[in-house]
């Protein structure tokens, strides 16, 4: 497949489009941007925050350790409360940064002033600007919100991931 060609493949509940063909090297860094088609708020959570909870649950069920990087402490607390409110059969073991067991729970929720350094497999970023620490991860999940000014910020992050050497993908949640 030529460089830059699109490859579309279904992966579970997610449709992923590879904008650059995946590299075979195991250390290749991947950033997936989820495209949101609405800005519906449910139970105080934005569409992006609702999706974050679902992706974190899915990745945890796949055996991954996840860091959710929030924009601020208020957002972190909203996500913490949303994950606690999930039905028992879909519980996700998580904690706010600095709480929980040594090394943190499988899913940790952080914000700029509070972040542990325990190793994680996946970064789910809710930051409006590129997080420099994202380069320490081989898999990053980011979002293209529905609102136009937030879309522009997502474009800037997309460019930053490309410059940082990430393989870029887009996806929609089904």
message: Considering only the range 78-85, I want to know if a residue exists there that is modelled with pLDDT of 95 or more, under 16 Å from the mean Cα position of the chain (by Cα), surrounded by 20 or more Cβ atoms within 10 Å (Cβ to Cβ) and within 21 Å of residue 167 (Cα to Cα).
response: no
field: Residue match in the range 139-152 (condition: under 13 Å from the mean Cα position of the chain (by Cα), over 17 Å from residue 49 (Cα atoms) and in contact (Cβ under 8 Å) with a residue 24 or more places away in the chain)
entry: yes
message: Looking only at the range 86-111, count every residue that is under 19 Å from residue 46 (Cβ atoms) and either loosely packed, with under 13 Cβ neighbours inside 10 Å or more than 17 Å from the chain's Cα centre (by Cα) (or both) and tell me the total.
response: 1
message: Let me spell it out: the conditions are (1) assigned to a helix (DSSP H, G or I); (2) over 14 Å from the mean Cα position of the chain (by Cα); (3) at pLDDT below 95, and residue 133 meets all of them except one. Which number is the exception?
response: (2)
- prompt: What residue, among those in the range 51-76 that are without any contact (Cβ under 8 Å) to a residue 12 or more places away in the chain and assigned to a helix (DSSP H, G or I), is surrounded by the most Cβ atoms within 10 Å (Cβ to Cβ)?
  reply: 61
- request: State the number of residues belonging to the range 153-168 that are buried (at least 16 other Cβ atoms within 10 Å of the Cβ) and part of a loop (DSSP other than H, G, I, E, B).
  value: 1
The range 99-122 - residue that is in contact with a strand residue (DSSP E or B) (Cβ under 6 Å, 6 or more places away or on another chain) and under 18 Å from residue 78 (Cα atoms) and, of those, modelled with the lowest pLDDT: 105
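The values are calculated or read from the model by the stated rules, or taken from the named source; none is laboratory data. Please read these numbers as outputs of a predicted model, since none were measured by experiment. Backbone-built Cβ (ideal geometry, glycine too); neighbour counts: all protein chains shown.
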